[in-house]
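Note sheet for the following structure.
Derivation of every value follows stated rules applied to the coordinates shown; laboratory data play no part. Predicted model only: the values in this text are computed from it and were never measured. Glycine gets a Cβ as well: all are built from the backbone with ideal geometry, and neighbour counts include every protein chain shown.
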Amino acid sequence: MNISNNHVVSVSYHLTSPDESGAEQTIEKTAPGDPFVFIIGLGQLLPEFEQNLIGKKVGDTFDFRITAENGYGVYQAEHVVEIPIEAFLDESGKFDSEMIQVGRTVPMMDNEGHRLMGVVKEVGLSAVKMDFNHPLAGRALHFVGDVLEVREAEAEELAHGHVHGPGGHHH
């Protein structure tokens, strides 16, 4: 069975990305015993990732690259913002120094109530500098892997938008 939309796909892969020097740096690596399992065609993954798997079957290998623009986007300096320190004070006016530390990823909400994840870059006396770019923004992606399993998604999986059973969600 060749991979097409609404199929449950199981792959193992090694994702790398060149660092500043051009050397390939491992970002993520799955194993055949703990594969990445997903439903293709639901718009939940990078479109180019899915496009590169369409037509493949169990036993096929893959080796493709996705540019930063087609991956998680280019790094945008305007997504690095300074937020007034008052936004990080609790009800009693105390700063949460346990949660707000340089390098830590912190869940936030924008003015419209959308959830965002930001990385703390600096903690100052009057503001906290946060980076709301995706951690892989500005980075080219290189996927190398194997197709382990392909099957048609069940109606319930399609309705729920995720895989059930091994490698998937359990209700």
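Report the relative contact order of the chain, percent, no decimals, based on alpha-carbon pairs under 8 angstrom and at least 6 residues apart.
Over the chain, the number comes to 34 percent.
Whole number please: convex hull volume per residue, Cα atoms of segment 1-86, in Å³.
163 Å³
Between N70 and A155, what length in nm is gained on full extension when 0.36 nm per residue of separation is reduced by their alpha carbon distance?
In short, 27.6 nm is gained.
Would you indicate which of (1) 85, 38, 25; (2) 59, 43, 28; (3) 50, 39, 26 is the value of Cα extents along the principal axes in Å derived from the coordinates of this structure?
(2)
How far is the Cα center of segment 126-166 from the Cα center of segment 37-98, in Å?
The distance from the Cα centre of segment 126-166 to that of segment 37-98 comes to 8 Å.
Scan segment 61-139 for trypsin sites (Lys or Arg not before Pro) in coil per DSSP, keeping those whose Cβ has at most 13 other Cβ atoms within 10 Å, and list them by number.
The qualifying sites are K94, R104.
Over the chain, how many pairs of lysines fall under 27 Å by alpha carbon, counting only those 8 or more apart in sequence or from different chains?
Close lysine pairs under the 27 Å cut-off: 6.
Let me check against my output: what whole-number percent is the relative contact order of segment 77-131, with C-alpha pairs under 8 Å and at least 6 apart?
40 percent
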